[in-house]
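Notes follow once the structure below has been shown.
The values are calculated or read from the model by the stated rules, or taken from the named source; none is laboratory data. This structure is a prediction, so every number in the text was calculated from the model and none was measured. Reconstructed Cβ throughout: ideal geometry from the backbone, glycine too, with neighbour counts over all protein chains shown.
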There are 2 protein chains.
Amino acid sequence: MHGFITKTIDLRNGTPEAKRREILEYFEKTWEIDEKLYSQLNSDDIFYHRGDPLRHVLLFYLGHTAAFFINKLFLAKIIDTRVNHEFESIFAIGVDEMSWDDLNEKHYNWPAVSAVHDYRNKVKELLINIIQTLPLELPITWDHPFWIIMMGIEHERIHLETSSVLIRQLPLNEVTAGKFGTICTESGEAPKNEMLPVSGSEMKLGKKYDHPLYGWDNEYGKHTEEVPDFKASKFLISNGEFLQFIKEDGYNTENYWTEEGWNWRNFKQAQMPLFWRKEGDQYSLRLVAEEIPMPWNWPVEVNYLEAKAYCNWKTAKAGKTFRLPTEAEWIRLTEVCKVPDVPDWKTAPGNINLEKYSSPCPVDMFKNGDFYDVMGNVWQWTETPITGYAGFKVHPMYDDFSTPTFDGKHNLIKGGSWISTGNEATLHARYAFRRHFYQHAGFRIVESETPLKIQNDEYETDTEVANSCENMWGENSATNFSKQLAQEILEITGKPQDLELLDLNADTGRLAFELAPYFKKITAIDFSARFIRMPIQLQEKGFMRYIVKDEGELVYYREVVLSDTGLDEDKDKILFMQDNANNLKPIYTGYDIIVAPNVLEELTCPILFLKSIHERLNDNGLLIIASTYDWEANNIKSEHWPGGFKLDGEPVTSFDGIKSILSENFTLENTPFDLPLMLRKSSRIVEQRLSEVSIWRKKQ
Amino acid sequence: MHGFITKTIDLRNGTPEAKRREILEYFEKTWEIDEKLYSQLNSDDIFYHRGDPLRHVLLFYLGHTAAFFINKLFLAKIIDTRVNHEFESIFAIGVDEMSWDDLNEKHYNWPAVSAVHDYRNKVKELLINIIQTLPLELPITWDHPFWIIMMGIEHERIHLETSSVLIRQLPLNEVTAGKFGTICTESGEAPKNEMLPVSGSEMKLGKKYDHPLYGWDNEYGKHTEEVPDFKASKFLISNGEFLQFIKEDGYNTENYWTEEGWNWRNFKQAQMPLFWRKEGDQYSLRLVAEEIPMPWNWPVEVNYLEAKAYCNWKTAKAGKTFRLPTEAEWIRLTEVCKVPDVPDWKTAPGNINLEKYSSPCPVDMFKNGDFYDVMGNVWQWTETPITGYAGFKVHPMYDDFSTPTFDGKHNLIKGGSWISTGNEATLHARYAFRRHFYQHAGFRIVESETPLKIQNDEYETDTEVANSCENMWGENSATNFSKQLAQEILEITGKPQDLELLDLNADTGRLAFELAPYFKKITAIDFSARFIRMPIQLQEKGFMRYIVKDEGELVYYREVVLSDTGLDEDKDKILFMQDNANNLKPIYTGYDIIVAPNVLEELTCPILFLKSIHERLNDNGLLIIASTYDWEANNIKSEHWPGGFKLDGEPVTSFDGIKSILSENFTLENTPFDLPLMLRKSSRIVEQRLSEVSIWRKKQ
């Protein structure tokens, strides 16, 4: 396999023509090794079999990696003609991410293997031509056409690995050994494992956008996490160690399993890892294309649910807390073990990149620092469900690579396996699978008394909340109502520093954040907890995410990072609370300024509010009302409207009505003026509301 | 009464200080005669009685004419303090316009008469002060503060007459005769009436906005109507003539009555006119404050329903068509009889303006040309329900004076009565009442074979239709989508003159009207007849009216006059038709240009439309699509969307999807561009949609 060894490309340094040659070679080797993988199938018939009942037939993957190139080049408008419209449809979408209890009932009319090979050849020819002729200047950045070519190559390398897992699931008599490199032949008893200390550190995760290597969108951004000291097992957990869990009836003891794990175990009736075989008392291990007597000193390969059950079994036995590492702990381990990243390799620092074996190998063979297999051998499950780091942006040409997995149900695997190449072999690689899913993956355990804190940064999909985020925090700041209102308020109040302000329509918090630097304390109330959990997230995590509509079913993924807005320093002066502005708790009183931004029209009884709000305000305090006067009879009984009706036959405008109610306790301070409030509904639809701002001073 | 004779003021000619004195005198005389009217009540107690069970107690009207001044001055911000907040509420709204079968169940706590007199005195003092001190420059136009003062005066003069009708309905023992001028004492047998010819003419109705006299908003505008030759009765119908109808059982013969009339007759169990009394065989007549033996030669006073029944009885007997005059016929009668208008009077041309009697008088006493009582004696019912003339605008300080009566249920009375003064006595006066209502009103009959054509120009209140009118025809033309799209179309097509165009979303028609001058023929289709009846009205009547929301329940009344837009000349090139753009009738074919403005997103199946629309188009013809791509899953099944979804995992934009469907039969002609479409929802809410315009040429 040595002729196939490659590394992912440095996209920033070098000359364009040398880069063009490098990329062409990288493409050709990727294409070739992908096809070589399927040489392990006994015959073309096997292409129509499934390695896993929940995945496509193998032929799909042969076509898919080629069709992907064309689909992305077409989408990016680098090409304007398709190679084969039909193939680029049927080979478009994998069935990778479904639940284990969700059966694929679809029927496909798969073409002949030879037709797919013909198709691959045409695509290959086209790609070689494009790589040779497309204008190329360095650096190759996200929006560079060659980024799309790198995307296709790295995508094919992912499938090299995932297809090898599918082939590993075929019946043994359908595959031929020895066609795809050399397996490790060393095996023996499991070495005695031990827990070694790892010093903690403040970890800064995430890749910069100017990093020289290709990366998937989920690798970029910034995430800071404090990792306390912990202990980690010197070796990956071996088959030998895992056997003890089986012997102690681990697969039949519900207590060891998470609820999700136990459900899976029952559905599968699992009694041992998927690739284990048992005949009488003899265990053996299925590799990709052969079975070997169980190598007890190789890493056990399991899913997350099994790994977690093992940890819980071990915790129960030892009275100490064992679990899997978090992503940050795994990164910390690479730091203390000084594991080099791909550009610094002469050779791979472990059984990875197809540089050593075409199989796992003993857990005590490749050392990194005091530990073994920090990189390579098999992937290592972590406790961490994948999310984007703060600053995450979706790559527009592959907008569903990452975001569908940001659901709290996909855990990261780290470290790569013997067949992980290209981007997969980099330290920054972040792949994540459903927790029941099988890859060439095992685990290392850690011991830590620090409670596990799992981030869950889903994209807000509640349309109203997400639209509010966009309106308050989106990029179109020229029409940002909250920013403009804040400026108007500060012009009136100066920058008092020692005053307390009550915001009665916090919504997703922009106004409060804008005002926080200039006030002693801000209480920001919203009627709905749905809304204020977003600014609370901004306070706690520093970012929030949401989805807004483009057109039809198409969406944009948005992220707001508080520090990017410059509003993070005084965030802790704000207290976001859920309450009803029409029925506030008694504690909300004694304010110097009360702001009611577009909240009158949302109250059950605006009149009651106007009659009583002075009670919450200090003498000489200011009441600032912004309102669109949009009294809808469906929401507010007309007898509760302050205006917008005829009284004694004459029209009473909303403003006049408000003035007449407030004049008992307030004097009007300004000439009311309009501020526009833009409510985005989709890329082509925006509602503009004019909100009138009036400022009232409480009489003494 | 001669000391009280006034005429409404010329508001354009003269000097400011003379005008100020004139207005002050007009105000003071109005005030005084209004109070004098109530001197006919026997005691203050009678103020708490009702003349009509469906109207307020008389005290209301005493307070109302004063409170009206204050309410209007306050609304117009001429004063900023009220005189008596409570009085200005309880004396605000009359109960004038209710249906005869609608009972007033409200209870009022009416104040003491002396308190109301005190209030009137304060208001009078304030008004005198205002009239003496308010800056005054001529001319006094609609928006002039003195217009509001004139409004108050003319309003009081209306109530002078209507209150006299209420007093006429009190029991005889509650009133004292002889306190309000002198009644006519001449009476005798009814003269023989005859039908005299009146030559027809094209009549131009409506007052110009620079007319020197005060007018209510409904008097202004332009209305043209062809009046064919007709005959009119020389005299008003007398009590004597009407008696014959009663004797021939007219009140009990359903055939003579309209359905509305018969319902009223049954509800009231009416057997003769309201003010007739019958004891044994003796008839007498109730006047305002006395009863007199029936003066058979005086005009009968009835409501429209009785007058109409009389005409139908007469038609049935004579075999010729008798009816009431229309408004235009009455105006024509004033022309042929050369009846002068108020500024040209030395004395009144009939029993009007309180210049002759405080009662009706014989129908053969005051001659105008060959006819009698064209002006004065009693009002004359017409066949014409009141509407605004084309160009009608609501006066913003009294926006419900006219528009609530534009409902097809209020018929005009013309000519004035013996107590009609001020504006009421002018030729332009246009008062209208529910058809069952009583005033000092009778009728003249006309004979005409021309079918009666009643205008019915209600204000469109269907929110969607009215908003479309406003968006297409309202004043904000800078953002008028239809105008802009028309300009874009004309830039592409030139101004071809000989081509036929199909507009597939006529809506309220603006695009078709904009394009009509430059095409041979335009077919404008809309899915809904609700919408196209508006542009059809523009074609047929030259104007349309609608109501749009201001805030809360407050609205604006709008009118569009086609000739004001300059789009009237080619209106007849347009054929507005109702049809479904997704299932067009076969006749709609052979067009040179098809425009589909924002209609794709309204279709059940946009894909079907895109696949088949070329069949309607000539070779080389143009298809112009404007769309917001707003496919809503609620309206259109997602399999019918042309784009805005993911296909084979990749996003397909709406434009790309449309392009891929159309490319079989069309080539794209332009770089698609966006046009903004502003959808007004209220004064403070506008939705902006971006519609993308793409132009496609049909392949040969």
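What the table below lists for this structure:
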| item | result |
| --- | --- |
| Pair list, Cβ < 6 Å and 6+ apart or interchain, from the stretch A:665-688 residues that are within 13 Å of another protein chain (Cβ to nearest Cβ) and over 20 Å from B:Y629 (Cβ atoms) to residues that are acidic (D, E) and in a strand (DSSP E or B) | A:P672/A:E692; A:D674/A:E692 |
| Residue list for the stretch A:549-577, restricted to those being outside any loop (DSSP other than H, G, I, E, B) and within 14 Å of chain B (Cβ to nearest Cβ) | A:K549, A:V555, A:Y556, A:Y557 |
| Residue match in the stretch B:609-623 (condition: within 13 Å of chain A (Cβ to nearest Cβ) and of a type in the set (G, A, S)) | no |
| Flag if A:Y546 is within 14 Å of another protein chain (Cβ to nearest Cβ) and touching an Asp or Glu at 6+ places or on another chain (Cβ under 7 Å) | no |
| The stretch A:598-625 - residue that is in contact with a Phe, Trp or Tyr (Cβ under 8 Å, 6 or more places away or on another chain) and in a strand (DSSP E or B) and, of those, surrounded by the fewest Cβ atoms within 10 Å (Cβ to Cβ) | A:N618 |
| Filtered residues of the stretch A:538-587 (kept if modelled with pLDDT of 90 or more, of a type in the set (S, T, N, Q) and either under 30 Å from B:G649 (Cβ atoms) or in contact with a helix residue (DSSP H, G or I) (Cβ under 7 Å, 6 or more places away or on another chain) (or both)) | A:Q539 |
| Residues satisfying the stated conditions in the stretch A:626-645, i.e. more than 7 Å from chain B (Cβ to nearest Cβ) and part of a strand (DSSP E or B) | A:A626, A:S627 |
| Candidate set: the stretch B:165-175, residues that are surrounded by 15 or more Cβ atoms within 10 Å (Cβ to Cβ) and over 35 Å from the mean Cα position of the chain (by Cα); chosen: the one nearest to B:C361 (Cα to Cα) | B:V175 |
| Residue tally, condition surrounded by fewer than 23 Cβ atoms within 10 Å (Cβ to Cβ) and either out of contact with any helix residue (DSSP H, G or I) (no Cβ under 9 Å at 6 or more places or on another chain) or not in a strand (DSSP E or B) (or both), over the stretch A:288-310 | 6 |
| Per-region count, the stretch A:608-635, residues in contact (Cβ under 8 Å) with a residue 24 or more places away in the chain and farther than 22 Å from B:Y556 by Cα | 18 |
| Extreme residue, nearest to B:L333 (Cα to Cα), among residues of the stretch B:426-477 that are touching a Leu at 6+ places or on another chain (Cβ under 8 Å) and of a type in the set (D, E, K, R) | B:R444 |
| Subset tally (residues that are away from every other protein chain (no Cβ under 14 Å) and either among the small types (G, A, S) or farther than 23 Å from A:R510 by Cα (or both)) for the stretch A:598-608 | 3 |
| Residue within the stretch B:283-296 that is among the charged types (D, E, K, R) and in contact with a Pro (Cβ under 9 Å, 6 or more places away or on another chain) present | no |
| Some residue of the stretch A:258-277 being among the hydrophobic types (A, V, I, L, M, F, W, C), surrounded by fewer than 18 Cβ atoms within 10 Å (Cβ to Cβ) and part of a helix (DSSP H, G or I) | yes |
| Hits in the stretch A:40-78 (condition: away from chain B (no Cβ under 13 Å), polar (S, T, N, Q) and buried (at least 21 other Cβ atoms within 10 Å of the Cβ)) | A:Q40, A:T65 |
| Residues within the stretch B:199-242 that are in a helix (DSSP H, G or I) and among the small types (G, A, S), tallied | 1 |
| Helices (runs of 4 or more DSSP H) fully within the stretch A:1-113 counting 3 or more residues that are at pLDDT 90 or above | A:16-37, A:58-75 |
